[in-house]
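First the structure, in the form of structure tokens, and then the observations on it.
Any read-out appearing in this document is the output of simple, stated calculations on the displayed coordinates, not a laboratory observation. It should be emphasised that the depicted structure is a prediction, and the values quoted were computed from it without experimental measurement. No Cβ is skipped: glycine too gets one built from the backbone with ideal geometry, and neighbour counts run over all protein chains shown.
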Amino acid sequence: MVRRQSETLFRDARQYIPGGVNSPVRAFNGVGGTPVFFHRAEGAYLFDEDDNRYIDYVGSWGPMILGHGDADVLASVHAAIDAGMSFGAPTAIEVAMAKKVCELVPSIEQVRMVSSGTEATMSAIRLARGFTGRDLVVKFEGCYHGHVDSLLVKAGSGALTLGVPSSPGIPKAVTEHTLTLTYNDLASVEACFQEHGERIACVIVEPVAGNMNCVPPVNGFLEGLRKFCDDHGSLLIFDEVMTGFRVALGGAQAHYNIKPDLTTLGKIIGGGMPVGAFGGRRDIMQHLAPAGPVYQAGTLSGNPVAMAAGLATLQKVSQPDFHATLAARAERLMEGLATLAREQGIGLTTNQVGAMFGFFFTDQTRITRFDNVMQCDQERFKRFFHGMLDRGVYLAPSAFEAGFVSSAHTEEDIDFTLEQARTVLALL
Ligand code: PMP
């Protein structure tokens with residue numbers, strides 16, 4: 001497959017944009033080679049600048065759960081644009097959006113719109129600290145919550161050591177209030193609460209981790225977090241930027257039946273436009289300005305065009321059986337891949353929750369922790385990724401990202417993908 005235009009554009013891009021991209025993982029650093037520049041998308045397909053077609057399992061990193069160019073979403077966006085792109089004042093569509101979110105997400109009684117997932121988590125953390133009057137934040141290694149200073153933290157050497165910044169430019173003083181524990185390891189959480197419980201403002205977690213590939217919670221993990229938070233007066237924040245409206249209509253909290261105090265949302269809630277949100281218990285949300293003292297604001301928050309895309313998307317994903325159909329397709333894709341690998345004697349383990357999936361080149365039969373993910377064969381992943389790309393299948397260009405199925409993927413698309421995988425696996 002020839003991608004001459006992408007090569008040329010990337011050369012130019014690197015002149016004017018750091019690393020040639022506006023968000024790091026797009027640069028193909030994890031897989032090598034030149035990132036693909038796209039100019040058009042339709043349904044389940046992306047078309048690059050040379051007009052090569054790819055089946056898209058990235059979906060703009062999650063938002064495009066209806067596939068690309070959904071007619072209802074586009075009609076809604078066009079109408080909103082014609083009516084005015086931004087007012088910086090309250091609008092009816094914001095109220096409709098807030099009502100819809102409260103109706104769909106079990107724990108959300110009030111919600112505030114922002115413009116990205118990062119803003120949502122940053123604001124939720126501030127609110128949790130303001131509400132509890134405490135400073136410490138607990139997070140988990142391998143979970144990503146956007147590029148918020150206090151959340152860009154590596155675990156220290158021991159499970160209970162205070163976090164160190166994972167990027168230059170973040171003062172140690174900012175991250176010393178962040179404790180980083182092991183995902184799916186409740187014992188470390190218990191020990192942490194025993195030592196610091198009275199000072200912990202909140203625990204923030206991806207209820208299905210999607211930023212270390214796809215790692216679901218083990219039985220009892222989320223329940224345990226809920227209990228430790230309750231016992232110590234700390235807030236539980238589910239970062240559902242990725243899982244919200246994806247693993248189930250009501251997100252992971254509906255799927256696993258656990259109620260967090262606060263929830264952060266992004267991706268699907270904007271239907272492809274820049275939108276995030278955070279919401280939860282009314283008594284907590286009432287602490288937010290202007291109702292309460294915790295400050296938070298945004299010039300383009302609740303932008304009507306973005307709301308139009310998001311609301312139309314939420315209406316469509318609310319249709320009966322929407323998520324069950326997607327989950328069945330994701331399951332067929334993962335089972336198909338696992339079967340092909342087994343037939344060829346290649347170690348491969350898969351994870352899948354609803355329309356979110358992950359596969360791992362490894363002989364480990366269960367992937368539940370960050371350490372398991374790190375032990376996988378990344379070189380094999382790179383070869384698989386490029387083999388699939390050259391055969392018209394666009395997977396996330398990193399072994400540490402989850403994949404997504406949209407309602408535009410047909411059974412034929414899954415068949416095609418598996419046929420290509422059969423060929424590529426044979427070459428590994
Ligand atoms: N939280 C999670 C779970 C995410 O997956 C992401 C983005 N991948 C974010 C937060 C940050 O969202 P954004 O990129 O919109 O700032």
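In terms of the Cα gyration tensor, with a ≥ b ≥ c the square roots of its eigenvalues, is region 164-268 rounded because a/c is under 1.5, prolate because a/b exceeds b/c, or oblate? It comes out oblate by the Cα gyration axes. A simple count of charges around Gly163, restricted to other residues whose Cβ falls under 15 Å of its Cβ and scoring Lys, Arg +1 and Asp, Glu -1, yields -1.
Projecting the Cα atoms of Val294, Pro165, Leu181 onto the charge dipole of region 71-317, computed from C-beta unit charges around the Cα centre, puts Val294 farthest toward the positive end. Magnitude of the charge dipole for the chain, about its Cα centre and with charges confined to Cβ atoms of Lys, Arg (+1) and Asp, Glu (-1), is about 560 debye.
Among 117-127, 55-65, 290-300, sorting by the average number of other beta carbon atoms lying within 10 angstrom of each residue, highest first, gives 117-127, 55-65, 290-300.
Charging the Cβ of each Asp and Glu at -1 and of each Lys and Arg at +1, and nothing else, the dipole of region 71-317 about its Cα centre rounds to 280 debye.
Can you tell me how the chain classifies by the Cα gyration tensor, rounded, prolate or oblate, using a/c under 1.5 as the rounded cut? The shape class here is oblate.
Other residues lying with their Cβ under 13 Å from the Cβ of Glu343 contribute a combined charge of +1, Lys and Arg counting +1, Asp and Glu -1.
Using only the Cα atoms of region 71-317, build the gyration tensor, take square roots of its eigenvalues as a ≥ b ≥ c, and label the shape rounded, prolate or oblate: rounded if a/c is under 1.5, else prolate if a/b is larger than b/c, else oblate. Verdict is prolate for region 71-317.
Ranked by the mean number of other Cβ atoms within 10 Å of their residues, highest first, the peptides 87-98, 34-45, 382-393 fall in the order 382-393, 34-45, 87-98. Region 218-297 and region 38-114 have Cα centres lying 20 Å from one another. With a Cα cut-off of under 17 Å and a minimum spacing of 8 residues unless on different chains, the lysine pairs in region 71-317 number 9. Of the residues Pro397, Gly69, Tyr54, the one whose Cα sits farthest towards the positive end of the charge dipole of the chain is Pro397 (charges of +1 on Lys and Arg Cβ, -1 on Asp and Glu Cβ, taken about the Cα centre).
Sorting the segments 360-369, 10-19, 232-241 by their residues' average number of neighbouring beta-carbon atoms within 10 angstrom, most packed first, yields 232-241, 360-369, 10-19. I want the local charge near Leu225. Using Cβ-Cβ distances under 13 Å, sum +1 for each Lys or Arg and -1 for each Asp or Glu among the other residues. Residues close to Leu225 contribute a combined charge of -4. Summarising the strand pairing of region 186-271, around 10 percent of its internal DSSP beta bridges are antiparallel.
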